[in-house]
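As structure tokens, the structure follows; a few thoughts come after it.
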Amino acid sequence: MSGTLFVCGTPIGNLGDISRRLEEVLGQVDLVAAEDTRRSSQLLNHLGIRKSLVSYHEHNLRKSGEALLEKLKSGLSVALVSDAGMPGISDPGEVLIQSCIQEGIRVELVAGPVAGIHALILSGLPTERFAFEGFPDRNKKTRRAQFEALAKDERTLIFYEAPHRLEATLKDLLECFGNRRVAVARELTKRYEEFVRGTISEAIRHFEVESPKGEFVIVLAGLDPVEAAAANAALALAETPDEETILLEIRSRVNEGMSRKDAAAEVAGLYKLSKKEVYRLSTLV
Ligand code: SAM
């Protein structure tokens, strides 16, 4: 009979978040598959547990994953732990979990914190509907394309970001989404935990003064349909030409030989105005 893969959530900073179940499972498994064996051995030392550790990370996914599957098939039980938080969320755990499910190996979850969810809950932004977007692409062009594809999403959006890319990402967010509300969470559950809540431009100003250090989650408000409709209406109003401009447009077409009726129809189409109204105006030409 095959063993069980225990997907173990570990603290994202505060060791007080270690659950009794995590301690129990780490104590009972045959081996621990860790994203970073040094970090996980600190966790095990803290708990006074001695276990054999196997490295399982982004760069040895396939080879280490195959070896782990063999061990699970032979009946051994394995605890999967990532650097911090839940394996499978923006880390290589996802692949091993999928393989186990495909192979019919039992998978159990030992619940723990997820930085993105933690930040969402304390963001002050709507939590009813949200989308987790992980790390934005490092390439500016691709990143902006990703953001533009999300610009009309009404759900609250969650991103992970590295400190040295935070400023550039916030600037791209401002350009692609407008000056929406945002909450930037730093060093969750740690000594210097901080939330910067406000508009994107306020967050940019904050990090221009306080250079970003530590780990970050960005929680961005989704598109507010009421605000968006009001903004579109204001834009349409600003774009509606005055009578003089309409008359100028019609006159220049008539001078080029167009009939008054055709000129009015073309100008109405150009500015998305009523044909009848523009034709009425054209009698002043
Ligand atoms: N599996 C993890 C989880 O459950 O959240 C995420 C792993 S991902 C490789 C690491 C990223 O998560 C960091 O770059 C940061 O964006 C976010 N993160 C992790 N711990 C955090 C913390 N204590 N405070 C803020 N963000 C954190």
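The values are calculated or read from the model by the stated rules, or taken from the named source; none is laboratory data. Just so it is clear, the model here is predicted, and its values are computed rather than measured. All Cβ positions, glycine included, derive from the backbone under ideal geometry; neighbour counts span all protein chains shown. Remember, those area values only see protein heavy atoms, side chains included, never the ligands or the DNA or RNA. Shrake-Rupley method; radii C 1.70, N 1.55, O 1.52, S 1.80 Å.
Would you call Val254 free of Cβ contacts under 8 Å to residues at least 60 places away in the same chain and within 16 Å of the ligand (Cβ to nearest atom)? So Val254 does not fit the description; no. Is it fair to say Leu166 is open to solvent by less than 60 Å² (accessible area, probe 1.4 Å), under 18 Å from Gly198 (Cα atoms) and part of a helix (DSSP H, G or I)? Yes; evaluated as a whole, the condition is true for this residue. Just one of (1) farther than 23 Å from His118 by Cβ; (2) of a type outside the set (A, V, I, L, M, F, W, C); (3) in a helix (DSSP H, G or I) trips up Asn179, so point out which. That leaves (3) as the condition not met. For the range 35-74, enumerate the residues that are in a loop (DSSP other than H, G, I, E, B), within 17 Å of Ser99 (Cβ to Cβ) and open to solvent by less than 70 Å² (accessible area, probe 1.4 Å). Glu35, Tyr56, His57, Asn60 - these are the residues of the range 35-74 that are in a loop (DSSP other than H, G, I, E, B), within 17 Å of Ser99 (Cβ to Cβ) and open to solvent by less than 70 Å² (accessible area, probe 1.4 Å). Taking the range 204-235 as the range and being farther than 13 Å from Asn179 by Cα and open to solvent by less than 50 Å² (accessible area, probe 1.4 Å) as the test, the residues that pass are Phe207, Pro212, Gly214, Phe216, Val217, Ile218, Val219. For the range 213-226, a residue qualifies if it is over 17 Å from Ile158 (Cβ atoms) and modelled with pLDDT of 95 or more, and the qualifying residues are Lys213, Gly214. So Ala149 ticks every box in (1) open to solvent by 60 Å² or more (accessible area, probe 1.4 Å); (2) of a type in the set (A, V, I, L, M, F, W, C); (3) more than 12 Å from the ligand (Cβ to nearest atom); (4) under 12 Å from Leu220 (Cα atoms) but one. Which box is left unticked? (4) is the only condition that Ala149 fails.
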